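Trainee: Below is one structure. I have some questions about it.
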Amino acid sequence: MKKTFDTEKKLYTLSILVRDIPGVLSQVARLFSRKGYNIESIVSGETDRPGVTRITIVILGDELMVNQIAAQCRKLIPVLAVKLLDEATSIQREFSLIKVQAADRNSRDEVIQIANIFRANIIDVSRETLTVAIFGDKDKTSALRGLLADYGILEIAKTGTLAIERGRSTIYDDNKLKEEYNYGKNVL
């Protein structure tokens, strides 16, 4: 029986564990570039295991494309595991720093009130600006940016998406596929 794939384009999140070696992030990113896939967000950082880095990549595409790129990632020698994270069963967050104009006391007070509603923090204050830090899902950070736009956003610095599965499931659970692709890597 042939499997059918959803052809609707949407955002997909891939979590990739790699050996922490020089150039590994570049190697993974080049794979996406060679296939013509645009990376919407990429975040890389250490894990609980020494010598292992987690790369979280968000791409816009369809189900077939994402499954193909996941399979290609698994074939890369430094890749230890690849997992496609479902939005409903994972926690996905981003961090934003937003510098806003606040030339007078009323503007500053209003920006502070808006930040409090979103449980954001004011991390820098000057006579003419406030810098707001927010950690949350994309909808939350986007809603705050929308409200702060009325005051004049001077600058935004934002991380990509960080993601991890909910509950007891981990990226380390996906052993069957990992072992299939790692067999050839260990023989070389």
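Bear in mind these aren't lab numbers, they're just calculated from the coordinates by the rules spelled out. Keep in mind the model is a prediction, meaning the values are calculated, not measured. For neighbour counting, all protein chains shown are included, and Cβ atoms are generated from backbone atoms with ideal geometry for every residue, glycine included.
Trainee: Relative contact order, percent, of the chain when contacts are C-alpha pairs under 8 Å separated by at least 6 residues?
Mentor: Taking the mean separation of contacting Cα pairs over the length of the chain, I get 25 percent.
Trainee: Can you return the aspartates and glutamates within cross-link range of residue 140? Criterion is Cα-Cα under 20 Å, with same-chain partners fewer than 8 residues away left out.
Mentor: Result set, ordered by chain and number: 40, 86, 87, 94, 110, 150, 155, 165.
Trainee: Something else: In the range 73-121, what trypsin sites (Lys or Arg not before Pro) fall in a loop by DSSP, with at most 13 other Cβ atoms inside 10 Å?
Mentor: 119
Trainee: With the cut-off at 19 Å, tell me which of the pairs 9/75; 10/35; 83/158; 9/35 have Cα atoms farther apart than that.
Mentor: 9/75; 83/158
Trainee: At a 10 Å Cβ-Cβ cut-off, how would you order 12, 151, fewest neighbours first?
Mentor: 151, 12
Trainee: If R₀ is 41 angstrom, what is the calculated FRET efficiency for the pair residue 127 and residue 75, using the beta carbon separation as r and rounding to 0.05?
Mentor: Step by step, r from the Cβ atoms, then E = 0.15.
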